[in-house]
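Worksheet for the structure shown next.
The values are calculated or read from the model by the stated rules, or taken from the named source; none is laboratory data. Computed from a predicted structure; not experimentally measured. Here the Cβ positions follow ideal geometry from the backbone for every residue, glycine too, while neighbour counts run over all protein chains shown. Ligands, DNA and RNA are stripped out before the accessible areas are found, and what is left, the full protein with its side chains, is counted by its heavy atoms. Shrake-Rupley method; radii C 1.70, N 1.55, O 1.52, S 1.80 Å.
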Amino acid sequence: MAWFGFGKNTNSSSARKTEQPVVVTSIASGRISEETLTALKPLSGKSPLVLAFVSPHLEFESTMSRLRQAMPWAQQLIGVMTAGELSSCNSQLYHGADSSWDNIVLQAFSPTVFEQVEVRSVPLHCEDMRAGNVRSTRKERVDKIRAEFERLTLPFDVNYQNTIALTFIDGLTASESFFMQGLYASGRFPCYFIGGSAGGKLDFQKAYVFDGTQIAHNKAVVIFAKLVPDVRYGILKTHNFERSNTSFTIAESDVHTRTVKSVIKNGSHEIVPLVDALCEHFRCTPERLGDALGKSSFAVDIGGELFIRSISGIDPKARTMSFFCDLDFGDQLYLVNPRDFADATTQAFQRMMQGKPGKPIAMIANDCILRRLNNADKLGQVQDFRDIPVAGFSTFGELLGVHMNQTLTALFLYRVPAGASFRDEFADNFPIQYARFREYYLALQINSLERINHLQSTLVDYLGEYRTLLHTIVSSFEKVA
């Protein structure tokens with residue numbers, strides 16, 4: 001066991017001479033006890049928030065119950081099942097996640113970081129989808145979630161300058177986009193929603209979130225955290241992809257199963273199966289398409305930035321592809337190619353650190369399981385966060401304004417003295433980013449209508465051409481008669 005900042009194998013609160021704003025530890029489930037976890041307890045006596053990132057090989061509900069009993073001083077204890085843990089307790093950011101493992105990463109915050117913390121669970125109304133019997137349309141689903149947001153109340157005003165909404169979603173609901181659309185439709189809670197979908201074993205049977213009282217089945221757990229006046233936040237969003245010159249427009253898809261059937265080839269009106277279009281591009285058979293794609297992926301463009309959409313499966317016989325994010329008619333889907341994983345992370349972190357008065361006091365990391373799997377040989381090269389109290393997890397999807405894959409979305413907290421300069425691209429430009437995220441869904445609808453109108457116009461033109469041809473054919477028949 002390693003306590004960040006105090007050396008290894010330290011379990012006494014006396015090791016802390018002064019209040020630590022954030023403390024991170026990694027322990028095995030067998031070591032859960034009040035005595036073992038006392039070093040996480042703030043000197044002031046209460047922690048407004050403790051995050052627990054739990055191995056999927058542990059019995060989740062009983063583990064969270066034991067943690068809650070061992071930390072009566074934790075005013076809010078939120079647990080997330082992982083597909084692998086991340087923390088600053090080891091020599092590298094990524095904890096081992098091979099075979100079966102017993103590990104829990106805990107991150108405790110003192111009152112010197114958060115002034116107020118309120119936790120709310122938002123029902124996602126996805127039971128029909130999980131049962132394989134879709135009954136609600138996308139609009140009906142979004143409207144139900146919008147109504148849930150409209151019912152939520154908080155004891156403080158939400159201001160993007162001092163409030164962040166840490167969001168962890170039941171990882172098997174396939175409802176992240178519906179959740180964000182419902183939020184934007186409500187017009188409430190103007191701040192960043194950042195987090196991820198709970199992970200789990202790769203059999204995709206369980207991916208739980210604990211809301212402080214119970215497992216939040218088919219829900220999103222939102223932690224509205226108001227920062228103390230001298231704490232500011234920064235946000236890191238990074239992936240290791242760059243766009244290619246190949247793109248397609250989605251023609252036929254299912255947002256509930258996240259399956260894409262066909263696309264419109266750019267420069268033509270031809271609608272073809274996405275699998276066929278990619279096979280033509282890579283000059284391969286459908287059975288070999290996965291190999292041809294390799295570590296390449298796909299993305300959509302929002303405000304000039306790429307948001308990754310990862311493949312979850314290819315059906316060569318049906319000529320369909322499924323994704324870990326939903327795609328809709330009119331979406332422009334870009335083929336993106338991988339670049340160096342460690343370099344991309346370092347460059348993004350260095351850019352993010354510009355304009356900051358010092359190093360962060362905490363980092364909460366949401367990192368896609370596919371980043372871990374596809375870059376297993378590079379994980380040890382990510383050394384940028386060694387001196388920061390980091391905790392986080394490998395997710396089944398990341399959230400930052402919209403849903404995405406194969407991306408690290410991280411929240412950083414900084415102590416900023418009065419009068420000190422502080423700049424952050426995300427924090428300073430929330431109104432612009434919020435508008436981009438919200439308009440993305442509106443642009444999809446407009447895009448769809450434009451595509452439909454264009455196809456209708458093309459059809460009318462073709463009919464006009466065929467009318468003349470038909471007239472010629474009829475005249476020829478009359479002559480023959």
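Data overview
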read-out	value
Total residues in the stretch 329-351, condition open to solvent by 30 Å² or more (accessible area, probe 1.4 Å) and of a type in the set (F, W, Y)	2
Flag if T259 is polar (S, T, N, Q), buried (at least 17 other Cβ atoms within 10 Å of the Cβ), farther than 26 Å from T153 by Cβ and over 18 Å from the mean Cα position of the chain (by Cα)	yes
Which listed residue is surrounded by fewer than 18 Cβ atoms within 10 Å (Cβ to Cβ), acidic (D, E) and not in a strand (DSSP E or B), from D301, D291, D326	D291
Single match in K139, K144 (criterion: modelled with pLDDT under 95 and in a helix (DSSP H, G or I))	K139
Qualifying residue in the stretch 388-411 (condition: modelled with pLDDT of 95 or more and part of a helix (DSSP H, G or I))	no
Selected residue [assigned to a strand (DSSP E or B) and not polar (S, T, N, Q)] from F149, F168, F179, F156	F168
Residue list for the stretch 352-362, filter: in contact with a Ser or Thr (Cβ under 9 Å, 6 or more places away or on another chain) and open to solvent by 50 Å² or more (accessible area, probe 1.4 Å)	P357
Number of the exception - S87 against (1) of a type in the set (G, A, S); (2) more than 30 Å from R66 (Cβ to Cβ); (3) under 22 Å from the mean Cα position of the chain (by Cα)	(2)
Test result for A251, hydrophobic (A, V, I, L, M, F, W, C) and either open to solvent by 10 Å² or more (accessible area, probe 1.4 Å) or without any contact (Cβ under 8 Å) to a residue 40 or more places away in the chain (or both)	yes
Within the stretch 99-125, considering residues that are of a type in the set (D, E) and part of a strand (DSSP E or B), the one least open to solvent (accessible area, probe 1.4 Å)	E118
Given (1) in a strand (DSSP E or B); (2) open to solvent by 10 Å² or more (accessible area, probe 1.4 Å); (3) of a type in the set (S, T, Y), index of the condition Y414 fails	(2)
Residue within the stretch 142-160 that is under 21 Å from M64 (Cα atoms), of a type in the set (F, W, Y) and crowded, with 16+ Cβ neighbours inside 10 Å present	no
Within the stretch 126-141, tally of residues that are in contact with an Asp or Glu (Cβ under 8 Å, 6 or more places away or on another chain), without any contact (Cβ under 8 Å) to a residue 60 or more places away in the chain and open to solvent by less than 90 Å² (accessible area, probe 1.4 Å)	1
Total residues in the stretch 47-87, condition open to solvent by less than 10 Å² (accessible area, probe 1.4 Å) and without any contact (Cβ under 8 Å) to a residue 60 or more places away in the chain	7
Test: residue in the stretch 441-450 that is among the aromatic types (F, W, Y) and at pLDDT 90 or above	no
Residue satisfying condition, being under 26 Å from L306 (Cβ atoms), at pLDDT 95 or above and hydroxyl-bearing (S, T, Y), within set T285, T259, T249	T259
Those residues of the stretch 183-202 which are hydroxyl-bearing (S, T, Y) and either crowded, with 20+ Cβ neighbours inside 10 Å or assigned to a loop (DSSP other than H, G, I, E, B) (or both), in sequence order	Y184, Y192, S197
The listed residue being within 14 Å of L124 (Cα to Cα), out of contact with any Ser or Thr (no Cβ under 8 Å at 6 or more places or on another chain) and modelled with pLDDT of 95 or more, out of S175, S186, S197	S175
Residue within the stretch 271-279 that is assigned to a strand (DSSP E or B), touching a Lys or Arg at 6+ places or on another chain (Cβ under 7 Å), within 28 Å of N375 (Cα to Cα) and among the small types (G, A, S) present	no
Candidate set: the stretch 203-238, residues that are of a type in the set (F, W, Y) and either touching a His at 6+ places or on another chain (Cβ under 9 Å) or within 30 Å of M353 (Cα to Cα) (or both); chosen: the one surrounded by the most Cβ atoms within 10 Å (Cβ to Cβ)	Y233
Tabulated pairs, the stretch 199-213, first in contact (Cβ under 8 Å) with a residue 40 or more places away in the chain and within 14 Å of T63 (Cβ to Cβ), second open to solvent by 90 Å² or more (accessible area, probe 1.4 Å) and part of a loop (DSSP other than H, G, I, E, B), C-beta under 6 angstrom, 6+ apart or interchain	G200/K206
